[in-house]
1. Can you tell me the 0 to 90 degree angle between the C-alpha axis of helix 297-307 and the longest principal axis of the chain, rounded to 10?
2. If you count, for each residue, the other Cβ atoms within 10 Å and average over each peptide, how do 125-131, 161-167 line up from highest to lowest?
3. So how strong a dipole does the chain carry about its Cα centre when Lys and Arg Cβ are +1 and Asp and Glu Cβ are -1, to the nearest 20 debye?
4. Rounded if a/c is under 1.5, else prolate if a/b is larger than b/c, else oblate: which is segment 19-72, with a ≥ b ≥ c the root eigenvalues of its Cα gyration tensor?
5. Please compare each pair in K125/K247; K109/K292; K106/K232; K40/K106; K106/K174 to a cut-off of 26 Å on the Cα-Cα distance and tell me which ones are over it.
6. Quick check on the chain: of the DSSP beta bridges with both residues there, what percent are antiparallel, nearest 5%?
7. Where does helix 10-23 land angle-wise versus the long Cα axis of the chain, in degrees 0 to 90, nearest 10?
8. Can you list which of the GluC sites (Glu not before Pro) found in segment 242-289 are DSSP loop residues with at most 15 other C-beta atoms within 10 Å?
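The values are calculated or read from the model by the stated rules, or taken from the named source; none is laboratory data. Note that the structure is a prediction, hence the values are computed from the model and not measured. No Cβ is skipped: glycine too gets one built from the backbone with ideal geometry, and neighbour counts run over all protein chains shown. The area values use the complete protein model at the heavy-atom level, side chains included, leaving out ligands, DNA and RNA. Shrake-Rupley method; radii C 1.70, N 1.55, O 1.52, S 1.80 Å.
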Amino acid sequence: KILVIGAAGQLGSELTKSLSDIYGGDRVIATDLNESARSKFDYCQFEVLDIMDQAKAKELIQKENVKQVYHLAAVLSATGEQKPLFAWNLNMDSLLFVLEMAREFKMEKVYWPSSIAVFGPNTPKINTPQYCVKEPNTVYGISKQAGERWCEYYFQKYGVDVRSLRYPGLIGYKSLPGGGTTDYAVDIYHKVLAGEKFSCFLREDSSLPMMYMPDAIKATLDLMHAPAESVKIRSSYNLAGMSFTPKDIYESILKYHPSFEIEYNPDFRQGIADSWPDSVDDSCARADWGWKPDFGLDEMTKDILENLPNYSF
Ligand code: VAH
(Lines give C-alpha, C1' and ligand atoms only; values in the text may rest on other atoms or scores of the structure.)
Protein backbone atom coordinates (compact mmCIF):
# COMPACT_ATOMS: atom_id res chain seq x y z
CA LYS A 1 0.00 0.00 0.00
CA ILE A 2 0.98 3.67 -0.42
CA LEU A 3 0.96 5.84 2.70
CA VAL A 4 0.49 9.61 2.30
CA ILE A 5 1.51 11.56 5.41
CA GLY A 6 0.03 15.07 5.60
CA ALA A 7 -2.54 14.18 2.92
CA ALA A 8 -4.82 17.14 3.74
CA GLY A 9 -2.13 19.73 3.07
CA GLN A 10 -1.78 21.89 -0.05
CA LEU A 11 0.27 19.32 -2.02
CA GLY A 12 -1.18 16.26 -0.28
CA SER A 13 -4.81 16.94 -1.09
CA GLU A 14 -4.06 16.96 -4.84
CA LEU A 15 -1.30 14.33 -4.94
CA THR A 16 -3.37 11.81 -2.93
CA LYS A 17 -6.17 12.03 -5.52
CA SER A 18 -3.70 11.53 -8.38
CA LEU A 19 -2.14 8.51 -6.63
CA SER A 20 -5.59 6.98 -6.08
CA ASP A 21 -6.51 7.57 -9.73
CA ILE A 22 -3.35 5.75 -10.83
CA TYR A 23 -3.10 2.91 -8.27
CA GLY A 24 -6.70 2.60 -7.06
CA GLY A 25 -8.15 4.04 -3.84
CA ASP A 26 -7.87 0.65 -2.11
CA ARG A 27 -4.07 0.89 -2.30
CA VAL A 28 -3.78 4.43 -0.91
CA ILE A 29 -3.91 5.38 2.77
CA ALA A 30 -4.38 9.12 3.30
CA THR A 31 -3.39 10.28 6.78
CA ASP A 32 -3.62 13.63 8.49
CA LEU A 33 -3.73 15.16 11.93
CA ASN A 34 -7.43 15.89 12.04
CA GLU A 35 -10.47 13.62 11.87
CA SER A 36 -12.19 16.52 10.06
CA ALA A 37 -10.05 15.77 7.00
CA ARG A 38 -11.75 12.36 6.56
CA SER A 39 -14.53 13.84 4.40
CA LYS A 40 -11.94 14.95 1.80
CA PHE A 41 -10.85 11.33 1.22
CA ASP A 42 -13.97 9.38 0.33
CA TYR A 43 -12.03 7.87 -2.61
CA CYS A 44 -9.36 6.07 -0.57
CA GLN A 45 -8.59 4.81 2.97
CA PHE A 46 -8.22 7.51 5.62
CA GLU A 47 -6.53 7.28 9.01
CA VAL A 48 -5.96 9.98 11.61
CA LEU A 49 -2.19 10.12 12.22
CA ASP A 50 0.10 12.54 14.00
CA ILE A 51 3.46 11.67 12.45
CA MET A 52 5.09 12.58 15.76
CA ASP A 53 3.32 9.49 17.21
CA GLN A 54 5.91 7.14 15.77
CA ALA A 55 4.61 4.06 17.58
CA LYS A 56 1.19 4.49 15.98
CA ALA A 57 2.76 5.24 12.59
CA LYS A 58 4.92 2.10 12.78
CA GLU A 59 1.89 0.00 13.73
CA LEU A 60 -0.01 1.32 10.69
CA ILE A 61 2.97 0.68 8.37
CA GLN A 62 3.22 -2.93 9.57
CA LYS A 63 -0.51 -3.64 9.65
CA GLU A 64 -1.13 -2.26 6.16
CA ASN A 65 2.10 -3.60 4.62
CA VAL A 66 3.08 -0.12 3.44
CA LYS A 67 5.61 -0.28 0.57
CA GLN A 68 5.70 3.38 -0.47
CA VAL A 69 5.53 6.57 1.61
CA TYR A 70 4.85 10.14 0.41
CA HIS A 71 5.91 12.20 3.42
CA LEU A 72 4.29 15.60 2.86
CA ALA A 73 3.81 16.82 6.45
CA ALA A 74 5.95 19.82 7.40
CA VAL A 75 5.84 23.25 9.01
CA LEU A 76 6.30 25.82 6.20
CA SER A 77 8.62 28.83 6.10
CA ALA A 78 6.57 31.63 7.65
CA THR A 79 5.01 29.46 10.36
CA GLY A 80 8.42 27.95 11.05
CA GLU A 81 9.82 31.34 11.98
CA GLN A 82 7.11 31.73 14.61
CA LYS A 83 7.87 28.31 16.19
CA PRO A 84 11.50 27.45 15.31
CA LEU A 85 12.15 24.43 17.55
CA PHE A 86 8.72 22.90 16.96
CA ALA A 87 9.27 23.28 13.20
CA TRP A 88 12.75 21.74 13.37
CA ASN A 89 11.62 18.81 15.49
CA LEU A 90 8.56 18.02 13.39
CA ASN A 91 10.26 18.42 10.01
CA MET A 92 13.40 16.46 10.95
CA ASP A 93 12.17 13.78 13.38
CA SER A 94 9.38 12.80 11.01
CA LEU A 95 11.72 12.48 8.01
CA LEU A 96 14.26 10.41 9.96
CA PHE A 97 11.46 8.16 11.16
CA VAL A 98 10.18 7.62 7.60
CA LEU A 99 13.69 6.89 6.32
CA GLU A 100 14.25 4.41 9.15
CA MET A 101 10.91 2.67 8.41
CA ALA A 102 11.84 2.48 4.72
CA ARG A 103 15.17 0.88 5.63
CA GLU A 104 13.75 -1.53 8.22
CA PHE A 105 10.82 -2.69 6.07
CA LYS A 106 12.72 -2.57 2.76
CA MET A 107 10.13 -0.28 1.20
CA GLU A 108 10.01 0.18 -2.57
CA LYS A 109 10.12 4.01 -2.65
CA VAL A 110 9.86 7.14 -0.52
CA TYR A 111 8.97 10.67 -1.63
CA TRP A 112 9.92 13.73 0.39
CA PRO A 113 9.52 17.34 -0.80
CA SER A 114 12.36 19.80 -0.51
CA SER A 115 12.09 23.46 -1.52
CA ILE A 116 13.86 26.46 -3.00
CA ALA A 117 14.03 27.43 0.67
CA VAL A 118 17.29 25.42 0.85
CA PHE A 119 18.94 28.38 -0.93
CA GLY A 120 20.04 31.35 1.15
CA PRO A 121 21.04 35.02 0.81
CA ASN A 122 24.48 34.25 -0.71
CA THR A 123 23.20 31.70 -3.23
CA PRO A 124 23.32 32.95 -6.88
CA LYS A 125 19.82 34.38 -7.41
CA ILE A 126 19.36 34.14 -11.17
CA ASN A 127 19.04 30.62 -12.64
CA THR A 128 20.22 29.14 -9.35
CA PRO A 129 22.23 26.02 -10.22
CA GLN A 130 21.63 22.48 -8.91
CA TYR A 131 24.94 22.64 -7.03
CA CYS A 132 25.79 25.88 -5.26
CA VAL A 133 26.37 27.44 -1.87
CA LYS A 134 23.31 27.03 0.34
CA GLU A 135 23.16 28.90 3.64
CA PRO A 136 19.40 29.04 4.34
CA ASN A 137 18.42 31.41 7.14
CA THR A 138 14.93 30.10 7.84
CA VAL A 139 14.21 27.09 10.06
CA TYR A 140 12.18 25.61 7.22
CA GLY A 141 15.11 26.03 4.80
CA ILE A 142 17.61 24.61 7.32
CA SER A 143 15.35 21.58 7.83
CA LYS A 144 15.03 21.06 4.07
CA GLN A 145 18.79 21.31 3.57
CA ALA A 146 19.46 18.84 6.41
CA GLY A 147 16.67 16.60 5.11
CA GLU A 148 18.29 16.47 1.66
CA ARG A 149 21.56 15.35 3.28
CA TRP A 150 19.74 12.57 5.16
CA CYS A 151 17.90 11.40 2.02
CA GLU A 152 21.16 11.07 0.09
CA TYR A 153 22.76 9.33 3.12
CA TYR A 154 19.99 6.72 3.36
CA PHE A 155 20.20 6.09 -0.38
CA GLN A 156 23.99 5.70 -0.40
CA LYS A 157 24.34 3.81 2.88
CA TYR A 158 21.19 1.63 2.92
CA GLY A 159 19.93 1.73 -0.67
CA VAL A 160 16.63 3.38 0.33
CA ASP A 161 15.02 4.58 -2.92
CA VAL A 162 14.07 8.05 -1.65
CA ARG A 163 13.36 10.79 -4.21
CA SER A 164 12.89 14.51 -3.79
CA LEU A 165 12.13 17.80 -5.57
CA ARG A 166 13.03 21.37 -4.59
CA TYR A 167 9.57 22.80 -5.23
CA PRO A 168 9.16 26.48 -6.00
CA GLY A 169 6.14 28.21 -4.49
CA LEU A 170 3.15 25.98 -5.31
CA ILE A 171 -0.04 27.69 -6.41
CA GLY A 172 -3.37 25.87 -6.56
CA TYR A 173 -7.05 26.61 -6.07
CA LYS A 174 -7.96 23.42 -4.21
CA SER A 175 -6.57 24.47 -0.84
CA LEU A 176 -6.69 27.67 1.17
CA PRO A 177 -3.52 29.79 1.64
CA GLY A 178 -1.25 28.21 4.28
CA GLY A 179 1.84 29.25 6.24
CA GLY A 180 4.01 29.74 3.22
CA THR A 181 5.82 32.86 2.07
CA THR A 182 4.55 32.21 -1.46
CA ASP A 183 0.94 31.83 -0.35
CA TYR A 184 0.16 35.45 -1.24
CA ALA A 185 -0.15 34.07 -4.78
CA VAL A 186 -2.87 31.67 -3.62
CA ASP A 187 -4.71 34.25 -1.53
CA ILE A 188 -4.84 36.89 -4.30
CA TYR A 189 -7.29 34.79 -6.33
CA HIS A 190 -9.63 34.38 -3.35
CA LYS A 191 -9.61 38.13 -2.79
CA VAL A 192 -10.35 39.11 -6.38
CA LEU A 193 -13.29 36.68 -6.49
CA ALA A 194 -14.53 38.02 -3.15
CA GLY A 195 -14.47 41.53 -4.68
CA GLU A 196 -11.96 42.69 -2.07
CA LYS A 197 -8.85 44.86 -2.36
CA PHE A 198 -5.74 42.69 -1.95
CA SER A 199 -3.09 43.53 0.65
CA CYS A 200 0.14 41.83 -0.48
CA PHE A 201 2.72 40.98 2.21
CA LEU A 202 5.59 41.19 -0.33
CA ARG A 203 6.96 44.14 -2.35
CA GLU A 204 5.54 44.47 -5.87
CA ASP A 205 8.92 43.67 -7.46
CA SER A 206 9.66 40.50 -5.42
CA SER A 207 10.35 37.85 -8.05
CA LEU A 208 10.05 34.24 -6.85
CA PRO A 209 10.13 30.84 -8.56
CA MET A 210 6.57 29.51 -8.69
CA MET A 211 4.67 26.55 -10.14
CA TYR A 212 1.03 25.77 -10.85
CA MET A 213 -0.11 22.69 -8.90
CA PRO A 214 -0.85 20.48 -11.96
CA ASP A 215 2.80 20.90 -12.99
CA ALA A 216 3.98 20.03 -9.46
CA ILE A 217 1.84 16.86 -9.49
CA LYS A 218 3.18 15.91 -12.95
CA ALA A 219 6.80 16.45 -11.85
CA THR A 220 6.30 14.37 -8.69
CA LEU A 221 4.73 11.44 -10.54
CA ASP A 222 7.25 11.62 -13.40
CA LEU A 223 10.10 11.49 -10.88
CA MET A 224 8.53 8.65 -8.88
CA HIS A 225 7.80 6.60 -12.01
CA ALA A 226 11.25 7.12 -13.56
CA PRO A 227 13.58 4.07 -13.55
CA ALA A 228 15.79 4.18 -10.41
CA GLU A 229 18.97 4.37 -12.48
CA SER A 230 17.83 7.61 -14.15
CA VAL A 231 17.35 9.32 -10.77
CA LYS A 232 20.95 10.41 -10.47
CA ILE A 233 20.40 13.08 -7.80
CA ARG A 234 19.38 11.67 -4.43
CA SER A 235 19.51 14.87 -2.41
CA SER A 236 16.80 16.80 -4.27
CA TYR A 237 16.24 18.06 -7.83
CA ASN A 238 15.93 21.74 -8.69
CA LEU A 239 12.52 22.21 -10.32
CA ALA A 240 11.24 25.30 -12.14
CA GLY A 241 7.88 26.27 -13.62
CA MET A 242 7.81 30.07 -13.87
CA SER A 243 8.98 33.12 -11.95
CA PHE A 244 6.78 36.12 -11.27
CA THR A 245 6.42 39.17 -9.03
CA PRO A 246 3.27 40.28 -7.18
CA LYS A 247 2.92 42.96 -9.87
CA ASP A 248 3.04 40.32 -12.62
CA ILE A 249 0.31 38.16 -11.05
CA TYR A 250 -1.80 41.25 -10.32
CA GLU A 251 -1.56 42.32 -13.97
CA SER A 252 -2.44 38.80 -15.19
CA ILE A 253 -5.65 39.11 -13.12
CA LEU A 254 -6.47 42.65 -14.36
CA LYS A 255 -7.15 41.15 -17.81
CA TYR A 256 -10.26 39.50 -16.28
CA HIS A 257 -11.05 41.93 -13.43
CA PRO A 258 -10.00 45.44 -14.57
CA SER A 259 -11.17 47.11 -11.35
CA PHE A 260 -9.26 44.77 -9.00
CA GLU A 261 -7.08 46.74 -6.59
CA ILE A 262 -3.87 45.82 -4.74
CA GLU A 263 -1.73 47.46 -2.08
CA TYR A 264 1.72 46.33 -0.92
CA ASN A 265 2.37 45.98 2.81
CA PRO A 266 5.62 43.98 3.12
CA ASP A 267 6.01 42.21 6.48
CA PHE A 268 8.55 39.75 7.96
CA ARG A 269 7.94 37.43 5.04
CA GLN A 270 9.71 39.92 2.74
CA GLY A 271 12.97 38.96 4.47
CA ILE A 272 12.30 35.29 3.76
CA ALA A 273 11.46 35.99 0.11
CA ASP A 274 14.60 38.14 -0.28
CA SER A 275 16.73 35.17 0.84
CA TRP A 276 15.38 32.96 -1.94
CA PRO A 277 16.29 32.87 -5.68
CA ASP A 278 14.50 34.84 -8.38
CA SER A 279 14.74 31.88 -10.79
CA VAL A 280 16.10 28.32 -10.74
CA ASP A 281 17.94 26.16 -13.29
CA ASP A 282 16.25 22.75 -13.54
CA SER A 283 18.34 21.34 -16.41
CA CYS A 284 19.26 18.23 -14.35
CA ALA A 285 15.59 17.25 -13.95
CA ARG A 286 15.04 17.85 -17.66
CA ALA A 287 18.07 15.74 -18.59
CA ASP A 288 17.60 12.86 -16.11
CA TRP A 289 13.83 12.19 -16.28
CA GLY A 290 12.44 14.45 -19.02
CA TRP A 291 10.91 17.24 -16.93
CA LYS A 292 9.04 20.05 -18.74
CA PRO A 293 6.41 22.41 -17.28
CA ASP A 294 3.06 23.04 -19.00
CA PHE A 295 1.80 26.18 -17.24
CA GLY A 296 2.90 29.80 -17.43
CA LEU A 297 1.36 32.68 -15.45
CA ASP A 298 -1.44 33.58 -17.89
CA GLU A 299 -2.49 29.94 -18.30
CA MET A 300 -2.50 29.51 -14.51
CA THR A 301 -4.57 32.66 -13.86
CA LYS A 302 -7.10 31.67 -16.53
CA ASP A 303 -7.44 28.14 -15.10
CA ILE A 304 -7.79 29.31 -11.49
CA LEU A 305 -10.31 32.07 -12.23
CA GLU A 306 -12.39 29.54 -14.21
CA ASN A 307 -12.31 26.80 -11.53
CA LEU A 308 -12.04 28.49 -8.11
CA PRO A 309 -15.62 29.90 -8.12
CA ASN A 310 -17.09 26.38 -8.41
CA TYR A 311 -14.70 24.72 -5.93
CA SER A 312 -16.13 23.83 -2.54
CA PHE A 313 -13.64 23.59 0.37
C1 VAH B 1 6.70 28.20 1.68
N2 VAH B 1 5.19 27.31 -0.01
O3 VAH B 1 6.41 29.32 1.29
C4 VAH B 1 6.40 27.03 0.75
C5 VAH B 1 7.53 26.80 -0.23
C6 VAH B 1 9.18 27.87 -1.75
C7 VAH B 1 8.06 28.10 -0.82
O8 VAH B 1 8.53 26.05 0.32
O9 VAH B 1 7.21 28.01 2.75
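1. Once rounded, one gets 80 degrees.
2. Details: 125-131: 15.0, 161-167: 24.3.
Listed from highest to lowest mean packing, they are 161-167, 125-131.
3. Values: 33 positive and 43 negative charges, 161 e Å.
Using only the charged Cβ atoms, the result is roughly 780 debye.
4. Since a/c reaches 1.5 but b/c is at least a/b, the shape of segment 19-72 is classed as oblate.
5. Those over the limit are K40/K106; K106/K174.
6. Numbers: 3 of 31 bridges.
Antiparallel: roughly 10 percent of the beta bridges in the chain.
7. So the inclination is approximately 50 degrees.
8. Sparse-neighbourhood loop GluC sites (Glu not before Pro): E261.
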